[in-house]
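Undergrad: Input: one structure, supplied below.
What follows is calculated from the coordinates using simple rules that are stated; it is not laboratory data. Quantities reported herein were computed from a predicted structural model and do not represent experimental measurements. Every residue, glycine among them, receives a Cβ derived from its backbone with ideal geometry; neighbour counts consider all protein chains shown.
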Amino acid sequence: MKKVISLLLPLAFMQAQTPAANGFHSAVTARRVVGLPSRNASAASPSVVIQGRVLPRILSDSTWETTVVLVNTGSASVAFQQFFFAADGKPASYTIHASAASGDITASAIQGILAPGSSSRLSLSDTSGSFREGWSLLTYDEGPGVVDGYAIIRRRGLSAGFNPETTVTFSSMRDYSVYMPYDNTLGFRSQVTLVNPAVNLPSQVRLTYLNPQGQVLLVDSLTLQPEQQVTLVLPDTYPDLANRTGSLLVESDIDRFSVTGLRSDASGAIGALPTMNRSEFLPR
């Protein structure tokens, strides 16, 4: 235990900086994908080795809180950097309590070191009172150390001390063709969150909504600018999906993309919706 703590103690906090400013530009540089919407070969960039992951959704205000849990699943110590962004891609500052730090700080990025098998919790809070939604980019040094993790999204202060929560896993940034189930029955509303983590290209996104028999109910498309996040509450955006179940196929025309889903009801109950990635089976 003492060994892990001693390796975690060097956690250092940075002021607002972008990944590009810190030499991590290559981790989020995208290229166009063959056979998907709006192919533009002239805009392609060289393929890169990704040493990073995306947390597609962070919620915060006086009611919502998000805790990020990082784990080194590799065989050696690893240095990591965690960047926080608003939905428009601008750096977003949070009050951060890190399990290995002596006090809270307010910053839009942190860096630290994790020993093999060790973990760290970053509790994000926002005292402004206004609801904020954002996302996060995790990068780490290439080598035998590998950082992964998840977020706990919790809604506090409901009646009878009911504080529902759910977990959202990190995305590999390869969610450019994924299925996600939706279920808007029994008063629940499904939500899909889309993130374009690329710093160099906009993403043309096609959304195909299917019924349980695989028949197409509707098709939509939208454009996400570099580092932009969008959340769609499905029965609000598409009234035809109210009281329906089925699946959503998300397709992006660039190979850096992240998707996550939540399901909630009026009582405050929330749950994660899984994504099923099919990107690895497609030509690039």
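Undergrad: Full-extension gain between Thr95 and Asn277, please, as 0.36 nm times their residue separation minus the C-alpha to C-alpha distance. Write down the numbers at each step before the final one.
TA: On the way: separation 182, 0.36 × 182 = 65.52 nm, distance 3.31 nm.
Net length gain for the segment: 62.2 nm.
Undergrad: Under the rule a/c < 1.5 gives rounded, and otherwise a/b versus b/c splits prolate from oblate, where does the range 193-270 land using the Cα gyration tensor?
TA: oblate
Undergrad: Here's something else I'd like to know. Put +1 on the Cβ of every Lys and Arg and -1 on every Asp and Glu Cβ in the range 92-153; which of Ala109, Ser130, Ser93 then has its Cα farthest towards the positive end of the dipole?
TA: Value computed over the given set: Ser130.
Undergrad: Let me ask something else about it. At 7 Å along Cα-to-Cβ for each site, give me the label-to-label distance between Val230 and Asn243 in nm.
TA: Placing both labels 7 Å along Cα→Cβ, they lie 2.8 nm apart.
Undergrad: Share of antiparallel DSSP beta bridges in the range 145-259, in percent to the nearest 5?
TA: Numbers: 33 of 34 bridges.
Just about 95 percent of them are antiparallel.
Undergrad: Among Ala269, Val250, Thr237, which residue has its Cα furthest toward the positive end of the charge dipole of the range 186-284, with +1 on Lys/Arg Cβ and -1 on Asp/Glu Cβ?
TA: Working it through, the farthest residue towards the positive pole turns out to be Ala269.
Undergrad: Let me ask something else. Quick check on the range 149-282: take the gyration tensor over C-alpha atoms, sort the square-rooted eigenvalues as a ≥ b ≥ c, and tell me if it's rounded (a/c under 1.5), prolate or oblate.
TA: Details: a/c = 1.98, a/b = 1.31, b/c = 1.52.
It comes out oblate by the Cα gyration axes.
Undergrad: Same structure, new question: Binning every alpha carbon pair distance of the range 114-210 at 5 Å from zero, what are the percents per bin?
TA: 2, 7, 14, 18, 18, 17, 13, 7, 3, 0
Undergrad: Let me ask something else about it. Please say if the range 168-221 is rounded, prolate or oblate, where rounded means a/c under 1.5 for a ≥ b ≥ c the square roots of the C-alpha gyration tensor eigenvalues, and otherwise the choice is prolate for a/b larger than b/c and oblate otherwise?
TA: prolate
Undergrad: Just grab the label-to-label distance for Ala76 and Leu217, each label 7 Å out from Cα along the Cβ direction, in nm (one decimal).
TA: 5.0 nm
Undergrad: So, by mean Cβ neighbours within 10 angstrom, what's the order for 58-68, 188-198 with the highest one leading? If you can, show how the numbers build up before the last one.
TA: Numbers: 58-68: 20.5, 188-198: 24.1.
So the order, starting with the most tightly packed, is 188-198, 58-68.
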